[in-house]
1. Taking H as built 1.01 Å from N, whose amide H comes closer than 5 Å to the amide H of TYR16, not counting residues under 5 places away?
2. Quick one: what Rg and Dmax do you get for the range 482-554 from the alpha carbons, in Å?
3. On a C-alpha basis, how far is the centre of the range 27-58 from the centre of the range 475-495 in Å? Whole number, if you could?
4. Taking the full set of protein chains and a 1.4 angstrom probe, give the accessible area of GLU247 in square angstrom, rounded to the nearest 10.
5. Trypsin sites (Lys or Arg not before Pro) within the range 82-175: which are DSSP loop residues with at most 10 other Cβ atoms inside 10 Å?
6. Can you give me the accessible area per residue for the chain, using a 1.4 Å probe, in Å²?
7. Ignoring ligands and nucleic acids, what accessible area does ILE498 show with a 1.4 Å probe (Å², nearest 10)?
8. Given R₀ = 41 Å, FRET efficiency for ALA160-ARG547 by Cβ-Cβ distance, to 0.05?
Amino acid sequence: MALVSSYLTSPRNASYDSRNLFNGTLMLRSGYLDQPYCDVMPSGRWICTITASASAEGGKGEHVAALWSDDSGESWSRPVTIEPLPLGLLLPNAYSMTLVAPGVGVGGADRTYAIYNMNTQNITHDGPKGPYIARTDMMGGLFLRYSDDSGASWSKSRTAVPYRLTSIDRHNEWGGKTVIEWTVDQLKVRDGSVYFALTKIGKYLLGPPESLWVLTSPNILSATDAAAITWDLLPDGDDGIQPMVGEEQTHLEEAHVLPMTGAGAPGFYVAGRTTTGWLASSSTADATGRAGWSPTARAQYMDPRTSATGRLAPLNASGLPFGGPHAGVKNPRGPITLKRFDGPSGASHGHGAYLMLYYNNHVKSYLSRDPYWLCAGWEVGASSGMPPTVLWSQPEVILYDRDNHANRPGYPDMIGHRTADGWDVFMTETQKSEARLHRIDRRLLAGLWSQRNASGHPPNAALTFGSGGARVVPTPSLPAFDGSQKTPTGVGGLGLSITLLLSSHEQSQPGQTLLTSEAMGRGGVALIVGPDAGGQLTLRFGDGTQRFNISTDDACSAALGTVGRHFVGAVADGGPRIASLMVDGILCDGSATQERGWVWFTAMGSVRGDEHMSLAPDYGGSMLGGRIYDRMLTTSEMVAAYRAG
């Protein structure tokens with residue numbers, strides 16, 4: 001065993017916000033940690049593999065280790081190295097995946113596989129005559145070892161995971177004599193076959209060019225001899241899944257594959273990160289994955305304005321302002337995770353109940369990996385008249401560090417777990433030196449999976465008002481964001497939320513007020529027509545010393561500027577201290593001109609302001625009704641409120 005890590009545990013505390021990074025259970029601490037990927041054994045043991053090093057990412061001694069929990073993640077074993085020492089610390093091995101194959105081990109034992117990169121050729125120079133290179137953990141190839149004793153020891157032999165060379169390999173600095181590749185996917189199962197996606201790299205260290213591929217084994221779950229396991233590289237041909245047209249010299253990497261299961265075509269969906277600020281995706285209806293892959297395009301949200309009718313349509317098909325060429329799922333050059341879950345009864349939430357972790361911002365670098373967001377996904381296939389794909393819900397904040405935005409939680413896995421009182425999804429992650437486990441709030445999951453057709457106003461509004469002209473009402477109790485209140489943070493906890501139904505907003509003028517409780521020296525909350533033309537709204541709140549504001553982005557503002565009724569939602573979430581806006585069921589994400597539509601805000605006292613709130617004192621449009629809440633509303637609650645009108 002390599003004692004490169006300090007072994008620590010910390011119990012989960014349900015009274016705190018489950019989304020707070022530091023409220024998770026600490027699995028492991030080391031100089032560098034990545035990809036704590038897990039599977040659940042028939043015995044109930046959670047077994048995970050992780051990349052670890054006493055130094056730094058790509059540094060000396062980087063290796064794959066296993067650890068496990070026998071109490072559903074409450075406590076964790078010490079790590080056990082997969083590769084035998086000292087070789088396991090001399091040749092870089094990293095970026096592992098974990099798979100349990102029940103009953104195929106010696107004597108019918110449940111076998112656990114670890115699949116990982118390893119520089120078995122000990123490549124140390126950039127090309128045959130090139131300079132010395134320090135980082136070589138993406139060189140060599142993919143290999144596996146297995147454990148038949150639940151992770152305590154690993155097979156004496158290392159087995160190659162072979163795949164064919166393609167053009168990108170043959171044209172690298174080594175002419176294909178070694179390959180540059182890595183995977184951050186998890187192993188996915190459909191009809192007894194196992195799949196995972198990988199990235200091939202054309203130039204050391206991280207290209208471009210890059211291309212995405214899928215490896216599949218039809219017999220890893222049944223073979224008792226690891227040497228008999230067979231593998232196939234998808235798609236056929238020499239090119240793989242390429243970047244979008246016009247972006248050939250940008251990065252397309254860290255792919256994840258979803259073997260689709262229904263919606264008219266049991267094909268495949270692949271998504272990966274880019275350096276353009278968007279997630280890219282491609283899909284095929286071919287059940288073998290060998291052909292028929294669509295041109296790579298931006299991953300897309302579901303249009304919540306049509307989904308309640310049963311018609312799932314991508315948001316980019318709706319036309320401007322929300323659709324068109326700038327529609328898509330935003331993400332920096334940071335890790336995502338996509339998985340399918342069947343839900344508490346074993347029956348899927350419709351065809352393909354998917355979850356995706358991502359960052360929901362348009363930064364084009366490795367930066368901006370806080371907070372993590374979570375959305376649900378649904379298959380849309382041939383029965384809809386569209387090519388098969390997965391469309392994503394509007395997202396929820398799922399994990400945050402509000403005090404250090406440079407913190408970078410990432411490379412997560414998700415674990416489905418049935419308990420005596422229900423069904424949970426847990427999330428693992430590392431911010432490069434600490435690995436943690438987090439239980440995802442069941443209310444967030446239920447909201448996301450019902451978001452495609454949910455309708456209704458959230459309960460317990462502090463103030464409800466109907467249509468009418470200018471008037472004054474008592475200001476409801478509103479929160480303080482400085483920790484002075486006993487109100488817990490978390491789902492449904494500390495926050496300020498507003499929902500409004502507007503008409504004729506296009507007739508409003510900059511500076512007009514929809515509602516305000518602002519008072520000199522006492523702060524308050526106000527929703528005003530913004531200074532920019534085209535329907536912009538600005539939420540403003542403060543405690544008399546500090547004042548904060550957030551405005552609708554270009555797309556949301558343009559939507560508000562069109563004739564008709566419009567829903568507006570505004571939330572200041574006291575957990576992460578993030579404010580966000582929604583228009584017509586769509587979370588404002590910054591559109592094409594801003595890196596993000598949501599914003600951080602700082603600690604402040606009570607934002608109640610004056611004892612009286614003015615409604616529409618000079619508003620040129622019409623407020624048909626509204627609600628104010630002294631708690632945070634989830635994104636899914638706001639989508640449901642939009643549909644309720």
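1. Answer set, sorted by chain and number: none.
2. Rg and Dmax of the range 482-554, Cα atoms, are 14.3, 42 Å.
3. A separation of 36 Å, based on Cα centres.
4. Result for GLU247: roughly 40 Å² accessible.
5. Sites meeting the loop and neighbour criteria: LYS129, LYS156.
6. Dividing the accessible area of the chain by its residue count gives 35 Å².
7. For ILE498, the solvent-accessible surface is approximately 10 Å².
8. 0.10
The values are calculated or read from the model by the stated rules, or taken from the named source; none is laboratory data. Computed from a prediction, not measured in an experiment: that's the story for all the values here. Heads up, the Cβs are rebuilt from the backbone with ideal geometry, glycines too, and the neighbour counts pull from every protein chain shown. Surface accessibility is based on the protein's heavy atoms, side chains included, excluding ligands, DNA and RNA. Shrake-Rupley method; radii C 1.70, N 1.55, O 1.52, S 1.80 Å.
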